[in-house]
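*Asks:* Provided herewith is a single structure, encoded as structure tokens, for subsequent inquiry.
The values are calculated or read from the model by the stated rules, or taken from the named source; none is laboratory data. Since the model is a prediction, treat every value here as computed from it, not as a measurement. Neighbour counts run over all protein chains shown; Cβ positions are idealised from the backbone, glycine included. Only protein heavy atoms, including side chains, enter the accessible area calculation; ligands, DNA and RNA are left aside. Shrake-Rupley method; radii C 1.70, N 1.55, O 1.52, S 1.80 Å.
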Amino acid sequence: MAPMGIRLSPLGVAVFCLLGLGVLYHLYSGFLAGRFSLFGLGGEPGGGAVGPAPAVDGGTVDLRELLAVSVLAAARGGEEVKRVRESNALHEKSKGKTREGADEKMTSGDVLSNRKMFYLLKTAFPSVQINTEEHVDAADQEVILWDHNIPDDILKEITTPKEVPAESVTVWIDPLDATQEYTEDLRKYVTTMVCVAVNGKPVLGVIHKPFSEYTAWAMVDGGSNVKARTSYNEKTPRIVVSRSHSGMVKQVALQTFGNQTTIIPAGGAGYKVLALLDVPDKSQEKADLYIHVTYIKKWDICAGNAILKALGGHMTTLNGEEISYTGSDGIEGGLLASIRMNHQALVRKLPDLEKIGHN
Ligand SMILES: Nc1ncnc2c1ncn2[C@@H]1O[C@H](COP(=O)(O)O)[C@@H](OP(=O)(O)O)[C@H]1O
Ligand SMILES: [Mg+2]
């Protein structure tokens with residue numbers, strides 16, 4: 001007999017305890033999974049932000065919704081980039097050196113943009129893998145809610161939802177592309193970018209220019225708000241190349257296409273992809289090809305790769321290999337980006353990257 005005259009059946013007590021344990025287990029395992037995916041996805045200090053895959057319980061995600069959030073994230077990140085630049089409080093630091101010995105710079109613009117972009121995407125899509133250029137401080141979490149609005153221009157182009165398994169998705173964030181040029185106040189080169197890869201293939205790309213408030217987006221087999229130009233010069237192309245991580249790119253370009261070829265040095269991988277397209281922004285230069293010969297990271301190139309692919313163009317290594325946007329965060333084989341050209345013929349013309357150093 002229990003106190004106060006209530007009789008407890010031993011079977012009832014056992015069932016109650018089992019139920020209680022079940023509830024506790026459920027809550028605790030969910031909590032742990034959430035903690036691990038958040039910490040894992042935030043990345044390592046100073047880049048290299050590839051964490052373990054999230055728990056495989058994510059169900060599906062709608063790529064059209066993911067595009068809407070990516071466009072919003074790029075714009076929100078861009079607001080931070082602009083605000084920091086205009087306040088002149090960049091707090092510039094060096095994260096280390098590139099393999100070629102250039103300073104890898106980081107500013108408050110990179111960090112604050114990264115925080116906004118990461119938490120907006122992470123809050124809307126908790127179960128997807130997100131790789132970002134900058135470290136996300138787990139002690140400085142922010143919940144940024146998405147209002148579930150899909151902009152009209154996206155709804156017009158992409159008329160139905162496109163569901164894919166959450167575990168097939170990898171999101172790549174570049175919170176501030178052309179950091180070097182940002183520190184030099186060369187604003188036109190600066191972009192914020194989001195890319196979505198499905199099973200390693202680039203599918204969604206967003207490139208946003210914060211200082212001219214221009215955004216290009218595209219989904220492979222979906223639609224886009226940007227298009228290719230009508231003509232390109234394949235014989236003596238204008239070639240856009242890096243101005244701060246150039247390596248031997250000028251020699252390679254002139255050797256391949258002759259001395260009549262125009263070389264356009266520019267900052268930012270996002271800017272250089274936009275140079276190949278029909279972009280209304282007045283500050284945007286135009287080129288026929290984009291070539292890069294040094295090591296580069298996947299968050300720098302994934303969005304441009306997705307947009308080019310969606311519009312029928314190509315971005316590959318200099319050997320013509322497709323780039324997989326899972327696993328390691330860098331690529332070794334250089335880059336060739338083209339649209340409305342015979343990409344494989346261009347690959348055959350280019351010298352072997354291995355031999356470039358010996359020329
Ligand atoms: N050799 C290299 N090693 C590391 N990062 C490189 C690199 N070459 C280019 N990048 C990165 O790729 C982006 C475009 O480079 P570039 O402007 O020289 O064409 C820049 O990204 P961030 O500005 O996001 O760091 C730059 O840091
Ligand atoms: Mg970048």
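*Asks:* Out of residues 5 or more away from VAL241 or on other chains, whose amide H comes under 5 Å of its own, with H placed 1.01 Å from N in the peptide plane?
*Replies:* Answer set, sorted by chain and number: ILE264, ALA266.
*Asks:* On to the next question. With a 1.4 Å probe and every protein chain left in place, work out the accessible area per residue of region 227-356 in Å², rounded to a whole number. Don't skip to the answer; put the middle values down first.
*Replies:* Working: 5140 Å² over 130 residues.
Dividing the accessible area of region 227-356 by its residue count gives 40 Å².
*Asks:* How about LYS272: which lysines have a C-alpha closer than 16 Å to its C-alpha, ignoring those fewer than 8 places off in the same chain?
*Replies:* Straight-line reach from LYS272, under 16 Å: LYS188, LYS209, LYS227, LYS250, LYS282, LYS286, LYS297, LYS298, LYS309.
*Asks:* ³J(HN,Hα) across region 94-106 via Karplus (A = 6.51, B = -1.76, C = 1.60, θ = phi - 60°), whole Hz, x for Gly/Pro?
*Replies:* Whole-Hz 3J(HN,Hα) from phi for region 94-106: 9, 7, x, 10, 6, 4, 8, x, 7, 5, 8, 8, 9.
*Asks:* Now, a different point. Is region 41-224 rounded, prolate or oblate when judged by the Cα gyration tensor, a ≥ b ≥ c being the square roots of its eigenvalues, rounded requiring a/c under 1.5 and prolate requiring a/b larger than b/c? Could you put the intermediate results ahead of the total?
*Replies:* On the way: a/c = 1.85, a/b = 1.40, b/c = 1.32.
In terms of gyration-tensor shape, prolate.
*Asks:* Oh, and also: Specify whether the C-alpha gyration tensor of region 227-356 places it in the rounded, prolate or oblate class, a ≥ b ≥ c being the square roots of the eigenvalues: rounded for a/c under 1.5, otherwise prolate if a/b is larger than b/c and oblate if not.
*Replies:* Values: a/c = 1.32, a/b = 1.05, b/c = 1.26.
Taking the square roots of the gyration eigenvalues as a ≥ b ≥ c, region 227-356 is rounded.
*Asks:* Around TYR214, which amide H atoms from residues at least 5 apart in sequence, or from another chain, sit under 5 Å from its own amide H, with H modelled in the peptide plane?
*Replies:* LYS209
*Asks:* Let me ask something else about it. On average over all directions, what projected area in square nanometres does region 83-145 have, based on the convex hull of its Cα atoms?
*Replies:* 5.5
*Asks:* To the nearest Å, what is the center-to-center distance of region 174-209 and region 290-355, using C-alpha atoms only?
*Replies:* Here the answer is 16 Å between Cα centres.
*Asks:* Right, next: Which far-off residues, 5 or more places away or on another chain, put their amide H under 5 Å from the one on ILE130, with H placed in the peptide plane?
*Replies:* VAL171
*Asks:* What does the extension gain come out to for LYS282 and ASP221, with contour length at 0.36 nm per residue minus their alpha carbon separation?
*Replies:* Taking LYS282 through ASP221 to full extension adds about 19.1 nm, to one decimal.
*Asks:* What is the local net charge at TYR295, summed over the other residues whose Cβ is closer than 13 Å to its Cβ (Lys, Arg +1; Asp, Glu -1)?
*Replies:* Details: positive: LYS97, ARG99, LYS297, LYS298; negative: GLU100, GLU104, ASP300, ASP329, GLU332.
Residues near TYR295 contribute -1 overall.
*Asks:* Ignoring any ligand, DNA or RNA, what whole percent of the accessible area of region 227-356 comes from carbon and sulfur when the probe is 1.4 angstrom?
*Replies:* Details: 2440 of 5140 Å².
Percent of accessible area from carbon and sulfur atoms in region 227-356: 47.
*Asks:* Given a 1.4 angstrom probe, I'd like the percentage of the accessible area of region 117-226 that is carbon and sulfur, rounded to a whole number. Mind showing how you got there, number by number?
*Replies:* Values: 1950 of 4090 Å².
Here it works out to 48 percent.
*Asks:* If you take the square roots of the eigenvalues of the alpha-carbon gyration tensor of region 138-215 and sort them as a ≥ b ≥ c, do you get rounded (a/c under 1.5), prolate (a/b over b/c) or oblate? Walk me through the intermediate numbers first.
*Replies:* Values: a/c = 1.74, a/b = 1.48, b/c = 1.17.
The shape class here is prolate.
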